[in-house]
Ligand code: C2E
Ligand code: MG
Ligand code: MG
């Protein structure tokens, strides 16, 4: 069987070194390596592979590596006691498989370190190296992020608009702005590819500001043409944590002369759960200015609706994965119905996302869902194409 190489670091080691100095950090790593040797058992080896990092080669015994390493991380729940100072330090680990070939050791260490980086970025205890984490791919992603800023400045980003229809009346009442990146060499890069990357840096703040600014400019133009719609823009968790974010939105509304109730912000369930106190404060300021706040992708996280209802949100968007099987007999029917009833009891409006087939549309209308959005009605389209479509239908959608 191939051996495993695992690299281990303490979550707060930099903080500890800053606060207590290098000597204590050395002692801590010593203590850590003794504990590791003890837990891993005879025949295991532990090295210091880096200033703040240990590397271990567990012995062959003990079966499943993942399970062994998970147990190992739990074993570090007890604090370290060093010369009268008691410190708590959670460890995180990255590991990779080591082949017998001598020359592979260096490469394997790098792979385990890449996995360790990923563990610390994603706040996971343990990450196994996979090719997706490969430095070449990571470089590719970093390059993409580097080009994104230039792309923003050079006008490579655009917004496409997808309508939301009122199921009771057929009226088109709103649109969601979805970001598109037309890259000169890579072609059309979908938001799922660059937004999560941008969210790991402050670039997301610029992207969101650009999106809100552009969407409001478009909205003002439509309003002037008699197309009265509410505009929804997606925002990221990180945006809410940025100081001045709320002020910048209010400033943009003023700049375009648009009242708050025309703007809706869509925030995913998981984003809402980060730093809930701060988030509530910021969202309340926006709600006080009549902005609509909605929970995007509802049903993909683990939060309860009851909990989310304490936030000043007034719209719930049920995730598209529940729409796929609405017409076959499945649990989705019950889930959608239950979410709808609960949301209504809490005074929230409900939007069904990703509606692709007529039968789902009819079902949603039948159970009293408020709005629907999806390819069935229209794919997201550039502003011109959207307004042509809107005019052709007289601002209404009719299920054929
Ligand atoms: P989302 O906000 O949940 O947007 C809905 C996604 O579902 C969009 O994908 C849309 O094109 C797609 N969609 C709509 N109707 C259907 C349908 O009937 N079937 C299927 N299969 N898909 C449908 P898109 O445009 O690729 O965006 C993906 C995600 O990227 C968005 O999910 C949103 O989370 C994020 N995103 C897009 N634009 C922005 C933005 O300006 N800022 C931020 N922070 N995130 C954005
Ligand atoms: Mg959305
Ligand atoms: Mg969604």
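The values are calculated or read from the model by the stated rules, or taken from the named source; none is laboratory data. None of the values given here were measured: they were computed from a predicted structure. Here the Cβ is made from the backbone with ideal geometry for all residues, glycine too, and neighbour counts use every protein chain on show.
Remarks
- On the stretch given as region 181-207, residues that are away from ligand 3 (no atom under 16 Å from the Cβ) and crowded, with 17+ Cβ neighbours inside 10 Å total 8.
- Check on residue 237, within 16 Å of ligand 3 (Cβ to nearest atom) and closer than 18 Å to residue 164 by Cβ: no
- Inter-residue pairs, beta-carbon under 8 Å, first within 18 Å of residue 353 (Cα to Cα) and in region 176-193, second within 14 Å of ligand 3 (Cβ to nearest atom) and in a helix (DSSP H, G or I), 6+ apart: 178/191; 179/191; 179/195
- Region 127-151 residues that are farther than 25 Å from residue 112 by Cβ, paired with ones that are assigned to a helix (DSSP H, G or I) (beta carbon under 7 Å, 6 or more apart): 148/194; 148/198; 148/203; 149/203
- Options 299, 244, 257; residue that is within 16 Å of ligand 2 (Cβ to nearest atom) and at positive phi: 299
- Only a single criterion out of (1) farther than 19 Å from residue 99 by Cα; (2) loosely packed, with under 14 Cβ neighbours inside 10 Å is not satisfied by residue 28, namely (2).
- Filter result for residue 265 (over 27 Å from residue 168 (Cβ atoms), under 22 Å from the mean Cα position of the chain (by Cα) and within 16 Å of ligand 1 (Cβ to nearest atom)): no
- The residues of region 354-384 that are over 19 Å from residue 299 (Cβ atoms), within 16 Å of ligand 2 (Cβ to nearest atom) and surrounded by 19 or more Cβ atoms within 10 Å (Cβ to Cβ), listed by number, are 377, 378, 380.
- Unmet requirement for residue 349, which otherwise passes all of (1) within 21 Å of residue 232 (Cα to Cα); (2) surrounded by 21 or more Cβ atoms within 10 Å (Cβ to Cβ): (2)
- The residues in region 173-190 that are modelled with pLDDT under 95 and within 16 Å of ligand 2 (Cβ to nearest atom) can be counted, and the count is 1.
- Test: residue in region 235-252 that is closer than 23 Å to residue 200 by Cβ, modelled with pLDDT of 95 or more and within 11 Å of ligand 1 (Cβ to nearest atom): yes
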